[in-house]
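The values are calculated or read from the model by the stated rules, or taken from the named source; none is laboratory data. Model, not experiment: these values are computed from the prediction. Cβ sites come from the backbone with ideal geometry, for glycine too, and all protein chains shown count toward neighbours.
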Amino acid sequence: MRTIILALLSSVSLPAALHAQETAPGIVLEPIIISSQKRTSNTHDVPASVSVTGGEDAYLNNTRTRANLVEETANAQMGSVTAKLYTSFTAIRGVGSALIESDPAVGMYLDGVGIGSSQGHNGTLLDINRVEVLRGPQGTLYGRNNIAGSINFISNLPDPDRIGGEIGFDAGTDGALGLTGILNTPLGNNGWAARGAFTTSKTDGFLHSTVDGDDLGGAKDIHGRFSIGGNVSDNLEFLGIVDVEHQKLDREMFGMPEKSFLEGRNGIAIDDAAVINSDVATTSAKFTYTLENGDKIISQTGFQSTRTDVFGNGFPRGTFAQFDAVFQSMGLKNFRYRSGNPFEGDYRQWSQEIRYVSEDNERFNWVAGLYGEYSNALRIYGADSKFDGGSLTLQTRGKTKTASGSAFADGTYELSDQWKIFGGLRVGYDRKDFDYDFNANALAAAFGLSSPFAPGYASSLSDTSATYRIGMQFAATDNLNFYGSVSTGYKSGGFNSSFVSVGDQGAYDAEKLTSYEIGLKSLSLDDRLSIEASVFYIDWRDQQVQGFNPLTGGTPIVNSPRSESYGAEISAQLQLTDQWSVRVAAGYADATYKDFTDAIGPGGRGSKDASGNHQQFVSPFTGSVGIGYEWELGWNDFVGKAGAEYQYRSSYYFDVQNTLRQPGYGLLNAHIGLENNRFAGLVYARNLTDERYRTVASDLGTGALVNVGDPLSVGATFKVKF
């Protein structure tokens with residue numbers, strides 16, 4: 001892989017390219033404007049670590065999903081703990097959460113509306129303008145459950161000045177097909193416009209069942225968005241957005257035996273693959289009132305729902321053979337343990353925010369507001385075991401109602417031409433009411449399967465939180481800024497809702513975090529070279545982790561008293577000439593459990609002191625290097641675009657015990673295409689070296705099961721614009 005990187009970099013003669021400045025003095029990097037600070041800002045002036053990916057870059061790199069985009073960001077990870085769409089995991093700077101029963105540690109927002117359930121974080125990128133990743137706790141502006149950072153997906157908005165759109169078709173390996181349509185149109189001549197976007201796609205997957213020969217890992221997706229906006233009056237604007245997505249995994253698995261993975265096999269002995277359906281809807285209504293002095297009052301109402309259903313087995317034959325043998329010895333013929341693992345999750349969230357935003361005041365710029373949220377989460381877990389003539393069935397049902405409210409303020413004050421002070425405070429209140437039921441059929445109770453589990457109960461918790469940030473910013477020159485800050489985050493506590501053991505019927509505590517950060521942002525070479533760098537230390541208290549109950553064998557969520565993460569990020573972008581560009585990004589995060597004595601033991605057996613272990617799913621080092629080339633063909637206004645990017649992540653562990661490890665690996669992606677104002681075509685390849693790696697690994701006490709990362713894929717897209 002080192003050879004590949006060197007080959008990419010050596011294809012550009014840096015001295016010669018820099019000399020080209022003499023013939024093309026006007027070439028500069030375009031300013032990057034973001035809105036994730038809840039007021040418009042240039043990233044160069046934002047005293048925080050921010051990564052921005054434009055919609056055009058995502059298209060050229062064939063970055064189709066939110067997970068793909070996050071994985072391409074330094075010091076960020078996103079994937080699944082078991083099956084896709086079921087147990088989502090997202091982390092920034094080593095801080096994350098792999099538990100669907102608790103709140104996420106990374107806030108994810110679609111056009112300003114939070115997606116409160118981690119199962120709703122998965123999805124495709126449709127008509128995206130840009131994605132802004134804010135590293136570090138965002139408790140002041142975004143509130144609870146943003147202790148690691150925030151990811152903001154911002155769509156292209158209706159444009160009242162043009163009518164047009166595009167129709168696109170793409171095809172690739174493993175039966176991948178897709179169709180996309182976008183239409184923007186003014187509504188009369190009064191400044192109103194509407195925009196619609198739609199995409200549907202499918203893939204057959206690259207794995208197959210050795211039992212029936214059918215494909216495994218196939219997926220289907222339908223995603224649509226409609227937005228409308230305009231001026232209600234001279235001072236009042238409205239923007240409404242409805243985004244709906246349905247995803248289906250036709251034949252998903254919970255893993256293949258690790259031996260099969262190591263032998264390079266793509267066949268798995270599965271006769272009842274899982275079917276997973278995910279439906280996510282996000283709706284928002286935003287009113288913006290502009291005062292005479294340019295300040296704004298903004299009201300945003302949001303609704304978000306996530307529905308996830310899982311059917312089927314998904315485990316390879318023989319996974320639970322030792323359990324099957326025990327029950328068969330009791331006379332239960334053809335007994336099959338965990339023949340079905342149904343899950344039903346339903347999450348609904350209503351939110352309202354009102355904020356006042358100062359705009360371009362001479363020395364003091366600020367935002368302040370109120371936020372309220374109510375959510376209702378239902379999770380139903382099942383464990384079915386079948387035999388000739390009957391079944392053993394267990395089921396739990398947990399329902400959580402959450403009400404929260406907060407008041408916040410955040411601002412920047414210019415002390416002098418060089419010095420600024422910034423800070424903010426958010427005070428919030430949460431209340432959760434929880435109802436839990438456990439049910440077992442008569443046969444399961446007769447065999448004693450229900451005895452370790454708690455009967456139904458109800459409980460509640462409430463908590464008041466205060467999060468803050470404070471820091472200083474120093475402008476050494478017009479193009480060189482330094483900053484330092486201290487910020488805090490809060491993630492609310494909650495209740496276990498999956499097979500709660502006797503003795504574990506209580507709440508787990510909230511997480512709290514303090515982050516210390518210093519950084520710099522610079523522009524040089526006549527604004528052709530941008531460099532951003534930061535170092536951080538995070539003190540993390542009461543982390544919510546899956547533990548172990550030695551009396552019942554249950555695995556409740558418990559609090560690890562102390563964890564920490566420290567590291568750095570650096571990114572650079574260089575516009576060599578009007579044709580060549582280079583970008584480099586790297587991140588390091590040493591994230592560990594400092595005090596965690598009651599972690600679940602290897603293979604789910606017993607407990608173990610995990611103090612000093614690395615955080616699961618977190619690679620200490622992540623980085624990428626990319627090169628782009630753009631040229632004019634001189635025919636029909638066509639512009640050619642080509643590029644390659646190499647992404648690397650170092651080794652990481654899948655479990656708290658640090659026994660299941662994925663070695664470091666890198667992925668090489670490339671593209672080449674042509675585009676003018678009527679047509680666009682692109683040929684792409686992802687994982688060009690066909691790197692084989694694990695994305696999931698778990699041990700349920702019967703040996704390691706792993707899922708395989710996507711192999712080499714090649715495809716092409718074609719778009720007609722109008």
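Values computed for the structure shown
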{"read-out": "Meets criteria (buried (at least 16 other Cβ atoms within 10 Å of the Cβ), touching a residue at least 60 places away in the same chain (Cβ under 8 Å) and small (Gly, Ala, Ser)) for residue 485", "value": "yes"}
{"read-out": "The listed residue being part of a strand (DSSP E or B) and buried (at least 16 other Cβ atoms within 10 Å of the Cβ), out of 250, 174", "value": "250"}
{"read-out": "Strands (runs of 3 or more DSSP E) lying entirely in the range 61-142 (those with 1 or more residues that are surrounded by 22 or more Cβ atoms within 10 Å (Cβ to Cβ) and of a type in the set (Val, Ile, Thr))", "value": "88-92, 95-97, 106-110, 128-135"}
{"read-out": "The range 406-426, residues that are without any contact (Cβ under 8 Å) to a residue 60 or more places away in the chain and over 30 Å from residue 482 (Cβ atoms)", "value": "407"}
{"read-out": "Flag if residue 656 is of a type in the set (A, V, I, L, M, F, W, C) and modelled with pLDDT of 95 or more", "value": "no"}
{"read-out": "Residue count for the range 670-691, restricted to those that are surrounded by fewer than 18 Cβ atoms within 10 Å (Cβ to Cβ), without any contact (Cβ under 8 Å) to a residue 60 or more places away in the chain and outside any strand (DSSP E or B)", "value": "6"}
{"read-out": "The range 692-711, residues that are more than 23 Å from the chain's Cα centre (by Cα) and either assigned to a loop (DSSP other than H, G, I, E, B) or without any contact (Cβ under 8 Å) to a residue 60 or more places away in the chain (or both)", "value": "700, 701, 702, 703"}
{"read-out": "Scan of the range 278-305 for residues that are in a strand (DSSP E or B), over 16 Å from residue 369 (Cα atoms) and touching a residue at least 40 places away in the same chain (Cβ under 8 Å), ordered by number", "value": "278, 280, 282, 283, 284, 285, 303, 304, 305"}
{"read-out": "Selection from the range 305-332 of residues that are more than 34 Å from the chain's Cα centre (by Cα), closer than 30 Å to residue 118 by Cβ and at pLDDT 90 or above", "value": "none"}
{"read-out": "Filtered residue count, the range 318-339, keeping only those that are more than 24 Å from residue 274 (Cα to Cα) and among the polar types (S, T, N, Q)", "value": "2"}
{"read-out": "Enumeration of residues in the range 530-561 that are surrounded by fewer than 19 Cβ atoms within 10 Å (Cβ to Cβ), in contact with a Phe, Trp or Tyr (Cβ under 8 Å, 6 or more places away or on another chain) and modelled with pLDDT under 75", "value": "552"}
{"read-out": "Breaking point among (1) of a type outside the set (D, E, K, R); (2) out of contact with any His (no Cβ under 9 Å at 6 or more places or on another chain); (3) within 30 Å of residue 571 (Cβ to Cβ); (4) surrounded by fewer than 21 Cβ atoms within 10 Å (Cβ to Cβ), for residue 464", "value": "(3)"}
{"read-out": "Residues of the range 506-516 satisfying the condition of being of a type outside the set (Val, Ile, Thr), closer than 26 Å to residue 99 by Cβ and either touching a Pro at 6+ places or on another chain (Cβ under 6 Å) or at pLDDT 90 or above (or both)", "value": "507, 508, 509, 510, 511, 512, 513, 515"}
{"read-out": "Residue ID - surrounded by the fewest Cβ atoms within 10 Å (Cβ to Cβ), chosen from residues in the range 492-524 that are within 22 Å of the chain's Cα centre (by Cα) and farther than 27 Å from residue 50 by Cβ", "value": "493"}
{"read-out": "Residues located in the range 340-382, provided they are over 26 Å from residue 396 (Cβ atoms) and not in a strand (DSSP E or B)", "value": "358, 359, 360, 361, 362, 363"}
{"read-out": "Condition check for residue 54: small (Gly, Ala, Ser) and farther than 30 Å from residue 555 by Cβ", "value": "yes"}
{"read-out": "Test for residue 51: is it modelled with pLDDT of 85 or more, within 20 Å of the chain's Cα centre (by Cα) and among the small types (Gly, Ala, Ser)", "value": "yes"}
{"read-out": "Inter-residue pairs, beta-carbon under 7 Å, first assigned to a loop (DSSP other than H, G, I, E, B) and in the range 441-461, second among the β-branched types (Val, Ile, Thr), 6+ apart", "value": "441/393; 452/502; 452/552; 454/500; 454/502"}
{"read-out": "Meets criteria (in a strand (DSSP E or B), closer than 16 Å to residue 157 by Cβ and basic (Lys, Arg)) for residue 225", "value": "yes"}
{"read-out": "Members of the range 611-657 found to be within 26 Å of residue 669 (Cβ to Cβ), in contact (Cβ under 8 Å) with a residue 12 or more places away in the chain and charged (D, E, K, R), listed by number", "value": "630, 641, 645, 649"}
{"read-out": "Residue 110 vs. criteria of a type in the set (A, V, I, L, M) and touching a Lys or Arg at 6+ places or on another chain (Cβ under 9 Å)", "value": "no"}
{"read-out": "Flag if residue 664 is surrounded by 20 or more Cβ atoms within 10 Å (Cβ to Cβ) and touching a residue at least 24 places away in the same chain (Cβ under 8 Å)", "value": "no"}
{"read-out": "Enumeration of residues in the range 235-268 that are among the small types (Gly, Ala, Ser), farther than 30 Å from residue 111 by Cβ and touching a strand residue (DSSP E or B) at 6+ places or on another chain (Cβ under 8 Å)", "value": "255, 260, 267"}
{"read-out": "Cβ-Cβ under 6 Å pairs, at least 6 apart or on other chains, the range 145-171 side exposed (fewer than 15 other Cβ atoms within 10 Å of the Cβ), far side in a loop (DSSP other than H, G, I, E, B)", "value": "164/722"}
{"read-out": "Test for residue 715: is it on the phi < 0 side of the Ramachandran plot, among the small types (Gly, Ala, Ser), crowded, with 20+ Cβ neighbours inside 10 Å and part of a strand (DSSP E or B)", "value": "no"}
{"read-out": "Residues located in the range 242-284, provided they are under 20 Å from the mean Cα position of the chain (by Cα) and small (Gly, Ala, Ser)", "value": "278, 281"}
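One line per residue, one yes/no per condition, for (1) under 30 Å from residue 545 (Cβ atoms); (2) of a type in the set (Gly, Ala, Ser); (3) at pLDDT 95 or above:
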{"residue": "660", "(1), (2), (3)": "yes, no, no"}
{"residue": "664", "(1), (2), (3)": "yes, yes, yes"}
{"residue": "686", "(1), (2), (3)": "no, no, yes"}
{"residue": "690", "(1), (2), (3)": "no, no, yes"}
{"residue": "711", "(1), (2), (3)": "no, no, yes"}
